[in-house]
Amino acid sequence: MTDAAVHKFNSHAEFEAQLRDCLGRAQVTLKMFDPDFSVFPLGSSETDAALRRFLAGGGAMQLAMHDSAHIERNCPRFVRLLREFNHKIEVRATPRSLHHLTDSFCIADGTHIVRRFHSDHMRGEAAFDAPAATDLSQERFGAIWIEAVSTLHPTTTGL
């Protein structure tokens, strides 16, 4: 990312603020990767409202992760959102061969990105209105997405 467009962060509060900004800017697509989404505020009422606006406005969302247990246990709002907008949200789990991947990012419309360098730390950066800043992560997401399999189905039967 170019220095002119980068907003660095080092804390959970700064990460959440940058993520809220990114979600608020999304209009068409959201692509997210994190090992388990445990630090993403997917269960908060504020995130739920932002995602509802995005999805109701025609947006589509793709999440890729190693393990969905945190979301299933701790994010009932997101699970409800998945049920209500199951035609606009797709969630996939990575195979064990990709569990060494530890970065974390959210890309909105191929133009905005919030990225943590390592999922165990809050240090990262955000760039808005900077399509070139998303290129590497979008390519990475595409490769992850191809290898991942569907998970977090809206009902127990997956229907």
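Read the figures in this text as sums done on the coordinates, not as results from a lab. Being a predicted model, the structure only gives us computed values, none of them experimental. As a convention, Cβ positions derive from the backbone with ideal geometry for all residues, glycine included, and neighbour counts pool all protein chains shown.
Each label was represented as a point 7 Å from its Cα along the Cα-to-Cβ direction; for Asp67 and Ser38 these points are 0.7 nm apart. Under the convention that each Lys and Arg Cβ holds +1 and each Asp and Glu Cβ holds -1, the size of the dipole of the range 43-125 around its Cα centre is about 160 debye. Note that the range 96-103 has calculated 3J(HN,Hα) couplings of 3, 5, 9, 5, 6, 6, 10, 7 Hz, one per residue in order, obtained from phi through the Karplus relation 6.51 cos²θ - 1.76 cosθ + 1.60 (θ = phi - 60°); glycine and proline are x.
Computed from phi, the 3J(HN,Hα) profile of the range 116-125 under the Karplus parametrisation 6.51, -1.76, 1.60 (θ = phi - 60°) reads 9, 5, 8, 5, 7, 10, 8, 5, x, 8 Hz, with x in place of Gly and Pro. Distant-in-sequence amide contacts of Gln27, defined by a placed amide H-H separation under 5 Å and a gap of 5 or more residues or a different chain, comprise Asp109.
Within the chain, DSSP assigns beta bridges of which about 65% are antiparallel (rounded to the nearest 5).
Between Asp129 and Asn74, take the C-beta separation as r, use R0 = 30 Å, and let me know the FRET efficiency to the nearest 0.05.
Approximately 0.40, to the nearest 0.05.
Out of every Cα-Cα pair that the range 42-159 contains, those further apart than 20 angstrom amount to 47 percent.
Measuring nothing but how far apart in sequence close Cα pairs (under 8 Å, 6+ apart) lie, relative to its length, the range 3-150 scores a relative contact order of 31 percent. Once the Cα-Cα distance is subtracted from the 0.36 nm per residue extended length, the Ala143 to Asn86 segment shows a gain of 18.2 nm. In this simple spin-label model, placing a label point 7 Å from the Cα along the Cα-to-Cβ direction at both Arg53 and Arg25 gives a separation of 1.5 nm. Residues whose amide H falls under 5 Å from that of Val91, counting only those 5 or more places apart or on a different chain, are Leu63, Thr151, with hydrogens built in the peptide plane. A dipole drawn for the range 3-150 from +1 and -1 charges on Cβ atoms has a positive end, and of Leu30, Ile113, His100 the residue lying farthest that way is Leu30. Projecting the Cα atoms of Pro41, Asn10, Phe78 onto the charge dipole of the range 3-150, computed from C-beta unit charges around the Cα centre, puts Phe78 farthest toward the positive end. For the chain, the dipole from Cβ point charges (+1 on Lys and Arg, -1 on Asp and Glu) about the Cα centre works out to 400 debye, to the nearest 20. Counting beta carbons within 10 Å around each of Ser68, Ser38 and listing the fewest first gives the order Ser38, Ser68.
Put simply, the amide H of Gly59, placed in the peptide plane, has no neighbours under 5 Å, leaving out anything fewer than 5 places away on its chain. Using the Cβ-Cβ distance between Ala5 and Phe117 with R0 set to 22 Å, the FRET efficiency works out to roughly 0.85.
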